[in-house]
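Here is the structure we will look at.
The values are calculated or read from the model by the stated rules, or taken from the named source; none is laboratory data. Since the structure is predicted, the reported quantities are computational estimates derived from the model, not experimental observations. Quick reminder, even Gly has a Cβ in these numbers, built from the backbone with ideal geometry, and neighbours come from all protein chains shown.
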Amino acid sequence: MPSPVRPSTGRVLLAGLFLMVFGYLWYGVLFQQLQLDSHGYTAADYAGNSPLWYAGGGLISLVIAIGLALMVRADGAVWALAGARSGVRASLCFGLPLVSYPFVYSPHHEFGLYVVGVAHIVIGWTTAGAILGGAAASGATSPSPAQA
């Protein structure tokens with residue numbers, strides 16, 4: 001097993017920023033109408049939203065990036081592909097169940113929004129894991145098959 005690599009603060013911040021921007025593009029652009037329709041919101045409902053709520057979203061993204069960095073380190077991931085695998089594991093073990101609660105317990109069981117939420121977590125956390133797992137690539141030699 002490779003020695004633990006600690007993703008740099010810059011990588012953690014980059015992964016957090018990626019998660020925030022990706023979430024905006026995913027829900028605010030690509031699937032905005034599905035999000036609005038599924039929750040019964042209108043664009044006007046968001047018009048008066050305080051920017052502090054968006055700062056809160058950035059904080060949530062940063063906490064997720066820190067958690068993924070801990071998983072990447074625990075997995076000994078020193079390459080982007082290994083970091084991506086850590087992200088997939090995290091998304092399937094933690095993200096998928098968390099997104100599943102509203103689907104299971106809400107009265108409307110919005111399957112379309114559920115699929116969009118699951119895809120958002122798997123794609124986002126996998127990519128963030130790859131960002132974090134690439135932390136040692138600049139100073140590392142080629143990976144052994146067990147590391148790749």
Working only within the stretch 42-73, note down all residues that are farther than 26 Å from R11 by Cβ and among the hydroxyl-bearing types (S, T, Y).
T42, Y46, S50
Filter the helices (runs of 4 or more DSSP H) completely within the stretch 1-118 down to those with at least 3 residues that are closer than 20 Å to L132 by Cβ.
9-23, 51-75, 80-90
Pick from the stretch 29-38 the residues that are without any contact (Cβ under 8 Å) to a residue 60 or more places away in the chain and surrounded by 10 or more Cβ atoms within 10 Å (Cβ to Cβ): which of them is nearest to L17 (Cα to Cα)?
L30
Can we say Y101 is loosely packed, with under 13 Cβ neighbours inside 10 Å and within 17 Å of the chain's Cα centre (by Cα)?
no
Considering the stretch 104-119 alone, what residues qualify as being surrounded by fewer than 21 Cβ atoms within 10 Å (Cβ to Cβ) and not β-branched (V, I, T)?
Y105, S106, P107, H108, H109, E110, F111, G112, Y114, A119
Suppose we keep only residues that are hydroxyl-bearing (S, T, Y) and more than 19 Å from W125 (Cα to Cα) within the stretch 21-43. Which one would you say is nearest to the chain's Cα centre (by Cα)?
S38
Going residue by residue through the stretch 127-135, is there one that turns out to be under 21 Å from V12 (Cβ atoms), modelled with pLDDT under 90, surrounded by 13 or more Cβ atoms within 10 Å (Cβ to Cβ) and under 18 Å from the mean Cα position of the chain (by Cα)?
yes
